Structures are given as structure tokens and as C-alpha cells.
């Protein structure tokens with residue numbers, strides 16, 4: 001089975017969502033924000049006393065000093081996402097058509113960059129969404145195959161069935177772990 005398509009940023013974003021690649025960035029940034037800005041502000045005894053006796057007017061300049069890092073980290077996080085997308089647009093994999101071919105040996109992709117084959121036993125996972133097939137040979141790496149590359153939904157369904165059947169037939173069996181003697 002063979003199909004051709006052009007990769008788009010929406011495909012890449014769907015891939016990141018499917019393999020949960022952004023989760024690590026969020027779970028690293030959130031504690032940094034909490035530890036770096038909110039906790040020092042709450043622990044500052046002088047700030048608490050100024051607030052108690054002078055109200056918000058007495059502490060807003062100090063609050064601003066704590067909030068600047070919070071704002072900068074948030075802007076940095078958004079900017080990184082933007083610049084990653086800008087760099088992705090320049091990648092050769094987005095420049096030309098990609099041809100995907102699945103056969104008895106495995107699944108291969110040919111693009112302007114070169115050719116890559118993932119043999120069936122090397123496939124880690126196959127994820128199917130409403131719009132894509134993701135053939136992963138690592139937890140966060142593999143092939144992106146949009147369903148729009150197929151002439152019809154039936155053809156995409158046949159391709160998905162072929163992927164799953166071929167992978168199941170060639171998947172190495174995991175030996176059971178024997179209990180200690």
C-alpha cells in the first residue's frame with residue numbers, strides 16, 4: 001500500500017499531542033513558576049507586614065518585583081513554542097512530498113531528505129486518531145501519516161487495518177518473567 005502527501009504544521013502539532021511531548025515542558029515550567037515567584041512572595045515577612053498595615057498601595061511595587069519573573073517565564077514559554085514552529089517550517093521534511101509505502105517488511109517513508117524504513121518488529125506503538133496514523137519506533141519519534149493522504153475514508157481504514165495486522169503478525173513476543181526460585 002502506498003500514498004503521498006505534504007506534511008503540515010497541524011500534522012506536527014497533532015503528533016506532539018498524541019505522544020504527549022508538551023507535557024514535560026508544562027510540568028517543568030509550572031513548579032519553576034511556583035517556586036520562583038509565588039512562594040518567595042508569600043514567605044516575605046516584610047511584605048506581609050506592609051500589606052497588613054498599609055494595604056495594597058504599600059505593597060504593589062514589591063509585588064511587581066515578584067511578578068516580573070512570572071511574566072518573563074510565561075512569555076518565554078510562549079515564545080519558545082512560536083520559534084519552534086518557525087524553525088519547523090524551514091525543515092526539509094516540510095518542503096516537498098512524502099511517499100509512504102507499507103509492505104510485508106515494514107513501512108517506509110521517502111521525502112526530499114531521504115528514505116527511512118521502520119521494520120515491523122521495531123515498531124513501538126501505532127496510534128490512530130481521527131485525522132492521522134502515527135507509527136512510533138521510539139516513545140516520541142516515528143512517522144506521521146495524515147488520513148487526508150488517502151483518496152477515501154475506506155482506503156484510510158484499509159491502510160489502518162493493514163498497519164495493525166502487519167504489526168501484530170511481526171511483533172516480537174515478550175518472554176514471561178519467571179518468578180525467582
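The values are calculated or read from the model by the stated rules, or taken from the named source; none is laboratory data. Just so it is clear, the structure is predicted and the values come from calculations on it, not from any experiment. Cβ: placed from backbone, ideal geometry, glycine included. Neighbour counts: every protein chain shown.
The criterion of at least 1 residues that are surrounded by 13 or more Cβ atoms within 10 Å (Cβ to Cβ) and in contact with a helix residue (DSSP H, G or I) (Cβ under 8 Å, 6 or more places away or on another chain) is met by the following strands (runs of 3 or more DSSP E) wholly inside the stretch 85-146: 97-102, 106-110, 125-128, 132-138, 141-146.
Inspect the stretch 83-90 for any residue being farther than 27 Å from residue 149 by Cα and modelled with pLDDT of 75 or more and give the result as yes or no. Checking the stretch 83-90: at least one residue is farther than 27 Å from residue 149 by Cα and modelled with pLDDT of 75 or more. When each of 65, 79, 156 is tested for being in a helix (DSSP H, G or I) and within 20 Å of the chain's Cα centre (by Cα), the lone residue that passes is 79. Taking the stretch 125-168, which residues are at pLDDT 90 or above and farther than 26 Å from residue 8 by Cβ? 165, 166, listed by residue number.
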